[in-house]
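The values are calculated or read from the model by the stated rules, or taken from the named source; none is laboratory data. Predicted model only: the values in this text are computed from it and were never measured. FYI the Cβ positions are ideal-geometry reconstructions off the backbone, even for glycines, and counts take in every protein chain you see. For accessibility, only protein heavy atoms count, side chains too; no ligands or nucleic acids. Shrake-Rupley method; radii C 1.70, N 1.55, O 1.52, S 1.80 Å.
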Amino acid sequence: MLNFFKFIKKNNRNSERVSVKVMFKYHYGNKDYMGLLRDICKNGFGFLSSNHLKSGEDIDMEVIVQCRDCEGEKWVELKEKAKIRWVAPNHSARLADYDVGCEFTEPNKEMQEKLDRMLEELSSSKKK
């Protein structure tokens, strides 16, 4: 169903970022919306949105991601609170108007452990 973890690249977030392409649900301003998750790391995530969002505002995100390359946990369900850190016009895709970066604000310890294991497994498999 979901084949999202394609590759890992370094970034300036002090953690590995995993590129993903999956629709996800988020709650913002007392409404539910759909966005396209574009990457995730242990500290946060980036996504594309058709809705105007404001930096500094809180959102709740909900998504299930699959890691076909992992030997351990194959699925991670994320239901997390996050803060919007930046919003920029999206010039790379016609499907969404905004590129958004978020930071987890109240990370669930169990989710963080699963996500860390996934990132570690994918990182080590890419180095082989």
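Taking a straight Cα-Cα cut-off under 18 Å and skipping sequence neighbours fewer than 8 places away in the same chain, the aspartates and glutamates within cross-link reach of K79 are D32, D39, E57, D58, D60, E62, E103, E106, E110, E113, D116.
For the range 17-128, what is the charge dipole size about the Cα centre, in debye to the nearest 20, if Lys and Arg each add +1 at the Cβ and Asp and Glu each add -1 at the Cβ? Provide the component values of the computation, followed by the final result.
Values: 20 positive and 20 negative charges, 78 e Å.
Approximately 380 debye in magnitude.
Per residue, the range 23-83 exposes 51 Å² of accessible surface when a 1.4 Å probe is rolled over the protein heavy atoms with every protein chain present. Which of the aspartates and glutamates could be linked to K109 by a straight reach, that is with a Cα gap under 13 Å, when you skip same-chain ones fewer than 8 residues away? Leaving aside aspartates and glutamates fewer than 8 places away in the same chain, those within reach of K109 are E77, E80. Couplings 3J(HN,Hα) for the range 97-111, derived from phi with the Karplus relation 6.51 cos²θ - 1.76 cosθ + 1.60 (θ = phi - 60°), are 8, 10, 9, 10, x, 10, 10, 4, 9, 9, x, 6, 4, 5, 5 Hz, where x marks Gly and Pro. Rounded to 0.05, the FRET efficiency of the D60 and M23 pair, given R0 = 25 Å and the Cβ-Cβ distance, is 0.95. Summarising the label geometry, the points placed 7 Å from Cα in the beta-carbon direction at L95 and K79 lie 2.6 nm from one another. Annotation: amide H-H contacts under 5 Å for E57 (H modelled 1.01 Å from N, sequence separation of 5 or more, or interchain): I84.
Semi-axes of the range 18-128's equivalent ellipsoid from the Cα gyration tensor, sqrt of 5 times each eigenvalue, largest first, rounded to whole Å? Present the calculation step by step, with values, prior to reporting the outcome.
Working: eigenvalues 121, 50, 27 Å².
Computed over the range 18-128, the values are 25, 16, 12 Å.
FRET efficiency for the W86 to N108 pair, using the beta carbon distance and R₀ = 30 Å, is estimated at 0.80.
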